[in-house]
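Asker: Structure incoming, see below.
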Amino acid sequence: MIAGFALLLGLQLVGEVASRGLGLPVPGPVLGMALLVAGLAAWAKARGPDPTRPEAPLGRVADGLLANLAILFVPAGVGVVQYLDLLTAQGPAILATLVGSTLAAMLATVATFRAIKRLMGRGDEEEAP
């Protein structure tokens, strides 16, 4: 399990160094996660033993983190309680922003899907149920 944590923290460190060193506008942990995904994809192409299987170090760490995922939301809950007066004062604006941005994201996704479908020449096909 220590090897799995070391791998995750090492990739986060590499991502953090790359992000800060190169002045990238992407957070280090996001780069580290991209490196993890790239590494797992390369591993899958090499067809070695699956590093995410439950008995593998990375798999045990993933299972442990997922089992205790609720604990990771405690700081967010404390932040909500700490700023409850601000949230009640700005609640309607926050709600309108959340609903509006969700609708905009959904419409953008549909428009992108339809554009790609049209570019691939599949815009006129009827799908059978």
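Asker: Along the positive direction of the dipole of the chain (beta-carbon charges: Lys, Arg +1; Asp, Glu -1; about the Cα centre), which of Leu36, Thr88, Met1 reaches farthest?
Answerer: The residue sitting farthest along the positive end of the dipole is Leu36.
Asker: Then there is this: Can you give the extra length, in nm with one decimal, that the chain gains between Ala76 and Ala42 once fully stretched, where that is 0.36 nm per residue apart less the Cα-Cα distance?
Answerer: Result for the pair: 8.8 nm of gain on full extension.
Asker: If I model a spin label at Ala67 and Ala115 as a point 7 Å from the Cα along the Cα→Cβ vector, what separation in nanometres do I get?
Answerer: 4.6 nm
Asker: Another one. How much area per residue is accessible in the range 67-114 when the probe is 1.4 Å and only protein heavy atoms are counted (Å²)?
Answerer: In whole numbers, the range 67-114 has 84 Å² accessible per residue.
Asker: One-quarter of the Cα convex hull surface for the range 4-62, in nm²?
Answerer: Its average projected convex-hull area is 4.0 nm².
Asker: Using a Gaussian network for the chain with springs between C-alpha atoms less than 10 Å apart, which of these wobbles most: Ile116, Ile71, Ile94?
Answerer: Greatest mean-square fluctuation among the candidates belongs to Ile116.
Asker: Rounded to two decimal places and with Rh computed the Kirkwood way over Cα pairs, what is Rg over Rh for the chain?
Answerer: 1.10
Asker: Note down the relative contact order for the chain as a percent, whole number, built from C-alpha pairs under 8 angstrom at least six residues apart.
Answerer: Normalised by residue count, the contact order of the chain is 17 percent.
Asker: Mind checking which of Arg20, Arg53, Arg114 has the largest fluctuation in a GNM of the chain, springs on alpha carbons under 10 Å?
Answerer: Greatest mean-square fluctuation among the candidates belongs to Arg114.
The values are calculated or read from the model by the stated rules, or taken from the named source; none is laboratory data. From a predicted model like this one, the values you see are computed outputs, not experimental measurements. Here Cβ is always computed from backbone atoms with ideal geometry, including for glycine, and neighbour counts include all displayed protein chains. Quick note on the areas: whole protein, heavy atoms, side chains included, nothing else; ligands and nucleic acids left out. Shrake-Rupley method; radii C 1.70, N 1.55, O 1.52, S 1.80 Å.
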